[in-house]
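A quick write-up on the structure given underneath.
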Amino acid sequence: MSTPHTSAPTSSQAFPWAGLFTLSALIFTSVTSEWLPTGLLPEIAAELSVSESQVGLLITIFAATVVISTAPLAALTRNQPRKKLVIIVLVVFVIGNLLAAVAPNYAVLVIARIIGGLSHGLFWAVVGAYSAHLVPPHQVGRAVAVTSAGATAAFVLGVPVGTALGHALGWRLAFVVIAIIIAALTIMVVRILPPVDHQQPLATGEISIPLRKDRSVPGVIYVCILVALVMLGHNLFYTYIVPYLIGPAGIDTGAVAGVLLIFGAAGALGLALAGLLVDRFPRSIIPVTVALVAICAVLLALFPAEPAIMFTVIVVWGTAFGGVPAMMQTRLLQLASPRMRDVGSAYLTTSFNIGIGGGALVGGILLDNYGVISLPYVDAAILGVAVVFAIIGGELLRRRAARTAAIRDQQPTPPAP
């Protein structure tokens, strides 16, 4: 069956709200599914007779599967219609979540997370660049902010509501609800999401070169390394935020979902600010924001038992971090050439999950050996390294772009025919 051709978006076309909101809903379910064990660590650990750090490893297993599988799956499916792939990965998502819901033991739950990771990696490789195919270049930041609202909504509603539901009715039902939502969204995708032409045609006389020689590769690598560092630092603490809140912060178990809701609501504000600022300050906004998150981690380590300080810092932390994933995705799409967008999104997904899985793993080791209060200190140290890398790497890319522009300007203009 032939794929319908979709022409490149132009400035005169209406902003594709329906398609972007559909993508946002898909991202909501994906992120909620990935992070659901975070809010239910004590319940899952108690029922399956494993430690909380072992439940935290479910995040690592999910992420490791994404890291291993995303690039090969993206390469194998590079020529496949994007909409068709979205539908396939959603069906696999449903299977993974239903298996998690009925898992009789920890081993089966691990298998369910591997299935989820396989679908999640390819999902992000496709959906990460989908919004850029729907809009002209000057609207990429706005489009990514709309789709990334789904990730923030997962923290605002998905993870907190899933946590509350798990506390009230059992953690298995939370996975069932996610599966039902994904099944409903699959129907929406079939009916609403427009197909896109993701192939980049060669200009007349242009010679095809391997993607590894594309001029935008250094920029893609820069963003991917930065993402891995930021997510490593952030997630070694956030994965175990519930033990921190119940332990050093002294929050009642029943109030944990409310604290996560506050964090997520602040993240929604951060995402809105990111949509306004990232296109205007593409190089400076990321290091400034990451530095603010690092400062919040230090304050949470120093004042866990001071409710006024702790809650204020959590709001600032959520606001600062809420826009970071959208900023990173936008920065990648700004730096990547059109032909590198799908591949770049696949590697960005890999980098996110290296950080997510690595953070859960390192955090679990620190939790078992040094206690939960060690996590925010290590978080801040890693984010400090990320800030330095962001500044130095961004300056090197700027100088490289300036040299390229100077060389291009010195080339003689071909005579008019």
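Every read-out reported here was derived from the displayed coordinates using simple, explicitly stated rules and does not represent laboratory data. This structure is a prediction, so every number in the text was calculated from the model and none was measured. Please note: Cβ atoms are built from the backbone with ideal geometry, for glycine as well, and neighbour counts cover all protein chains shown.
Remarks
- Dividing the convex hull volume of the alpha-carbon atoms in region 15-196 by its residue count gives 103 Å³ per residue.
- The stretch between Ile373 and Thr253, if pulled fully straight at 0.36 nm per residue, gains 41.4 nm over its current Cα-Cα span.
- Förster radius 56 Å - calculated FRET efficiency between Ala14 and Phe311, Cβ distance, rounded to 0.05: 0.85
- CD proxy at 222 nm, helix term only [per DSSP H run n ≥ 4: -39500 (n - 2.57); per residue of the chain; nearest 500]: -26000 deg cm²/dmol
- Listed residue (Ala401, Ala125, Ala168) projecting farthest to the positive dipole end of the chain, Cβ model: Ala401
- Descending semi-axes in whole angstrom, ellipsoid equivalent of the chain, from the Cα gyration tensor: 36, 26, 18
- Distance between the modelled labels on Arg215 and Ile111, one decimal in nanometres: 5.1 nm (7 Å Cα→Cβ projection).
- Set against the 2.2 N^0.38 Å expectation for a compact globular protein, region 213-406 has a Cα radius of gyration ratio of 1.07.
- Principal-axis tilt of helix 256-277 within the chain, Cα atoms, nearest 10 degrees: 20
- When the inverse distances between all different Cα atoms of region 75-174 are averaged and flipped, the Kirkwood radius reads 15.5 angstrom.
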